[in-house]
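The structure under discussion appears below in the form of structure tokens.
Since every read-out is calculated from the coordinates, none of them should be taken as a lab result. What you see is a predicted model; the values in this text were computed from it and never measured. Here Cβ is always computed from backbone atoms with ideal geometry, including for glycine, and neighbour counts include all displayed protein chains.
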Amino acid sequence: MANKERTPFENPVVEWVDSRLPVFTLMQKEYGVFPTPKNFNYFWNFGAIAMFMLITMIVTGIVLAMHYTANTELAFDSVERIMREVNGGWLIRYIHMNGASFFFIAVYIHIFRGMYYGSYKAPREILWMLGVLIFLLMMGTAFIGYVLPWGQMSLWGATVITNLFSAIPFVGDGIRTLLWGGFSVDNPTLTRFFALHYLLPFVIFAVVFLHVWALHVTGSNNPLGIDTKGPQDTLPFHPYYTIKDTFGLLVFVLIYALFIFFMPNALGHPDNYIPANPMVTPAHIVPEWYFLPFYAMLRAITFDIGIPFTDIVFINAKLGGVIVMFGSILLWFVLPWLDTHPIRSARFRPLFKIFLLILVADFIFLGYVGMQTADAKLFGVVPLIYLGQAATAYYLAYFLVILPWLSKNEKGRELPASINEAVLAKNK
Amino acid sequence: MRKSLLTLMVLAASVSSAGLAQTAMAATGEVHLEEQEWGFDDFFTGTYDRAALQRGYKVYREVCAACHSMKRIAFRHLADFGYSEAQIKNIASEYSIEDGPNEDGDMFDRSGRPSDYFPSPYPNENAAKAANGVAPPDLSLIIKARHDGANYVYGLLAGYEEPPEGKELAVGQYWNKVMPGHVIAMAAPLSDGMIAYEDETPETVDQYSRDIVEFLAWAAEPEMERRKRWGINVLIFLAAFAGLMYCVKKKIWKPVY
Ligand code: HEM
């Protein structure tokens, strides 16, 4: 289709290829001259950073897979062999291990950017929903990956999480058995998890492709949240944003390298350097840090839901926790329809901005609750479980009550006439 | 405004992570460990003390190896201590290693080679358990497998006390203030003067503990020195490259603003 409007290239080799398969025209159109709002701030770097992290994970993962053995008797030893005997193996593993964390850091910031500047609103709903799908796939991939080294946290984390599925009525036990491939987390679990851990990143890659495709249909949002109105509002992607993305990526990688080389295990749990042992339960099972807020929401539901003062229970506490945990992310899918306010950017919605920043603090606090034992107390007095429940309530209320209410009642500030005007006004 | 938002987030994140570190300790019920000075702990330039490694290996060999395996360490790895190839050959040959089966299908003992891994004191986990009540863990990774591993193991070796009044210990149980739960199935393994050092280094429990921890830290992270050395170069390169890209970015964007 692009064939018709193709402008010929000067280089004969490029032209020969392009007239048969217009990849150069495509790159030129989508990454060369692609019109991009000229007022991005550094929050707009994290998409490119997430892409870099995905590729890093795939490349290091494939090298790890060349040396890894998916067998409960050998997995732990094979990872230690990578650390000690394979040339540069420790580097590959630490890049992959910390890469999962930094991938999540990038994606969490990327999601926050979307929420703060209203990037999920029309016409970018599908773009946003594909992003949520990527996040879910990432969570699955990372959870499964953490099982592979077959340390104590691998085994017991997997046991806790797979057991959650049994809470689902009717099919739950079946799903759990399917995940396990037996009657507990064991060798069949490890082999299927390895197969899936190899597969899922490529599924993510495919969804990322769709995500970027959708982006190039609607164009980027920007910190003002107003549409571009013409060439005076935009810049060609290259060289302006290629150079800005390069700089931002390097700063990110600098911090990433600080972890890889100087504190590679700071984000992990020491128990995972103890080989898995089904006979010994660790004192305190905690998931990786990026799951902690959701883990706190899971554990916040400590009560059955039914008809008060009777024995009738519709949803027991375990199922309630599972619903809240998965629901807390599924809510993101319908975010464009929960927040229908016409203004996108929080810059022009003072109330929305306050509630969103409280949500960020709330989410970080949930992460803190998630890493404590169930009976922990704040400052030795306030049972943390109540605070976790309050924080969970705020999280749910933000999406289900506050956003719909604000959509109707927040007036918002006056929007600038165009991106260009706002930029000129600021530079005066 | 954008700045204030960023500052807010960074602040929130750092405050909460400081809190996290604190409560993580409280959660596991560990006692407060005394911070020791370790040369290998230095953030950017940590190195192992070769002499301490050699002494620590001696402590392991003469004491801990009676109960604890270190099956991830091979004699050839001892090159990191500054031993020559001949010295390593010599050390390995002092060990007897079970090999086989030979052509007749029998297992046989031979003297060790540099490529052999440290032999384990017990043929299997059950034998280790039967002899000690609890199987002594393999020590190759012990420093990485405990919170604040170096200070923990150091504290553990010096942490033996009389059990508090009214606390009855079973046979083969000992009281240790650092062990989670305080009851441990390992008797205090070290005592003053039990290992003869070849030089003037004091032959005290404290010195033995420092040396064995140095050795165990190396065993857990033999790549640490190289990792940090490479790390410095990588950081310098990235910082310079980022700085350069920043200047290019400024230049390209100049006409826009
Ligand atoms: C979306 C991208 C990916 C994520 C988020 C991810 C995440 C993880 C995590 C959290 C671990 C455990 C780290 C540890 O404690 O050792 C892991 C291990 C592993 N991953 Fe991945 N991974 C990704 C892509 C891949 C790919 C594409 C492959 C290979 C085809 C792969 C192969 C492995 C192997 C072999 C291990 C076990 C070795 C080890 O534990 O170091 N990963 N992954």
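To the nearest 20 debye, what is the magnitude of the charge dipole of region A:41-281 about its Cα centre, counting +1 on the Cβ of each Lys and Arg and -1 on the Cβ of each Asp and Glu?
420
Would you mind ranking A:GLU125, B:GLU161 so that the residue whose beta carbon has the fewest other beta carbons within 10 Å leads the list?
If I rank by nearby Cβ atoms, fewest first, I get B:GLU161, A:GLU125.
Rank B:ALA170, B:ALA217, B:ALA240 by mean-square fluctuation in a GNM of chain B with C-alpha springs under 10 angstrom and give only the top-ranked residue.
Answer for the Gaussian network model of chain B: B:ALA240.
What is the extension gain from A:THR242 to A:SER19, computed as 0.36 nm multiplied by their sequence separation minus the C-alpha to C-alpha distance, in nm to one decimal?
Contour length minus the Cα-Cα distance gives 77.7 nm.
Which of these, A:VAL79, A:VAL59, A:VAL23, has the largest mean-square fluctuation under a Gaussian network model of chain A (Cα springs below 10 Å)?
Taking springs between Cα atoms under 10 Å, the residue moving most is A:VAL23.
Taking θ as phi - 60°, what are the ³J(HN,Hα) couplings along region A:173-190 by the Karplus curve (6.51, -1.76, 1.60), each to the nearest whole Hz, with x for Gly and Pro?
Coupling constants for region A:173-190: 4, x, 4, 5, 4, 5, 5, 6, x, x, 10, 6, 5, 8, 3, x, 5, 4 Hz.
Along the charge dipole of the protein assembly as shown, which of A:GLY219, A:TYR120, B:LEU139 sits closest to the positive end, that is, farthest toward it, with unit charges on the beta carbon of Lys, Arg, Asp and Glu (+1, +1, -1, -1)?
A:GLY219
Given H placed 1.01 Å from N in the peptide plane, which residues other than close sequence neighbours of B:THR204 have an amide H under 5 Å from its amide H?
B:GLY193
Search the structure for amide H atoms under 5 Å from the amide H of A:LEU235, placed 1.01 Å from N in the peptide plane, and list their residues when 5 or more places away or on another chain.
Counting only residues 5 or more places away or on other chains, the set is A:THR36, A:LYS38.
From the residues A:PRO264, A:THR234, A:VAL207, which one has its Cα farthest along the dipole of region A:41-281 in the positive direction, the dipole being from +1 and -1 charges on Cβ of Lys/Arg and Asp/Glu about the Cα centre?
Checking the options against the dipole of region A:41-281, the answer is A:THR234.
Starting with the fewest neighbours, write out A:PHE34, A:PHE352, A:PHE379 ranked by other beta-carbon atoms found within 10 Å of each beta-carbon.
The fewest-first ordering by Cβ neighbours comes to A:PHE379, A:PHE34, A:PHE352.
Along Cα→Cβ, 7 Å out, is where each label goes; now give me the distance between the ones at A:ILE307 and A:MET263 in nm to one decimal.
Each label point lies 7 Å from its Cα, and together they span 5.5 nm.
Long-range amide H contacts for A:GLY151: which residues qualify at under 5 Å (H placed 1.01 Å from N, peptide plane, sequence gap of 5 or more or a different chain)?
Amide H neighbours of A:GLY151: A:ALA276.
Could you give the dipole magnitude of chain B about its Cα centre, charging the beta-carbon of Lys and Arg +1 and that of Asp and Glu -1, in debye to the nearest 20?
2340
Along each principal axis of its Cα atoms, how long is region B:148-257 end to end? Whole angstroms, biggest number first, please.
Cα spread of region B:148-257 along its principal axes, largest to smallest: 81, 41, 18 Å.
Using a simple spin-label model with points 7 Å from Cα along the Cα→Cβ vector, what separation in nm is obtained for A:TYR386 and B:TRP230?
Between A:TYR386 and B:TRP230, the simple spin-label model gives 5.2 nm.
Which helices, counted as full DSSP H runs in chain B, have an axial Cα extent of no less than 30 Å and a Kyte-Doolittle average of -1.0 or above?
B:2-27, B:224-253
Quick check on the exposure proxy: order A:SER78, A:SER19, A:SER166 from fewest to most C-beta atoms within 10 angstrom.
With the sparsest Cβ surroundings first, the list reads A:SER19, A:SER166, A:SER78.
For chain A, rounded, prolate or oblate, judged on the Cα gyration tensor with a ≥ b ≥ c (square roots of eigenvalues), a/c < 1.5 rounded, else prolate if a/b > b/c?
It is oblate, given that a/c is not under 1.5 and a/b is not larger than b/c.
How large is ³J(HN,Hα), in whole Hz, for each residue of region A:97-102 in order, when computed from phi with the Karplus curve 6.51 cos²θ - 1.76 cosθ + 1.60 and θ = phi - 60°, using x for Gly and Pro?
5, 6, x, 4, 4, 6
In straight Cα distance, which lysines are under 18 Å from A:LYS29, not counting same-chain residues fewer than 8 positions off?
Once the sequence-local lysines are set aside, what remains near A:LYS29 is A:LYS4, A:LYS38.
Tell me what the protein assembly as shown gives for mean residue ellipticity at 222 nm when only DSSP H runs of n ≥ 4 count, each as -39,500 (n - 2.57), the sum divided by the residue total, rounded to 500 deg cm²/dmol.
Rounded to the nearest 500, it is -18000 deg cm²/dmol.
Round to a whole angstrom and tell me the spacing of the C-alpha centers of region A:357-428 and region A:57-128.
Result: 27 Å between the Cα centres.
Go ahead and run the numbers for FRET between B:ILE252 and B:LYS167, Cβ-Cβ distance against an R0 of 60 Å, rounding to 0.05.
The value I calculate is 0.25.
With only Lys, Arg, Asp and Glu charged, each at its Cβ (+1 for the first two, -1 for the last two), find how big the charge dipole of region A:286-428 is about the Cα centre; round to the nearest 20 debye.
660
Provide the net charge surrounding A:SER166, with neighbours chosen by a C-beta distance below 15 Å and charges set as Lys +1, Arg +1, Asp -1, Glu -1.
+1
Taking a ≥ b ≥ c as the square roots of the Cα gyration tensor eigenvalues, with a/c under 1.5 meaning rounded and otherwise prolate when a/b beats b/c, else oblate, which class fits chain B?
Oblate, because a/c is 1.5 or more while a/b does not exceed b/c.
Whole-Hz Karplus ³J(HN,Hα) for region A:227-241, in order, using 6.51 cos²θ - 1.76 cosθ + 1.60 and θ = phi - 60°, x for Gly and Pro?
My calculation for region A:227-241 gives 6, 6, 10, x, x, 5, 8, 10, 10, x, 4, 9, x, 4, 8 Hz in order.
Would you mind getting me the FRET efficiency between B:TYR95 and A:ILE62? Use the beta-carbon distance for r and R0 = 41 Å, nearest 0.05.
0.60
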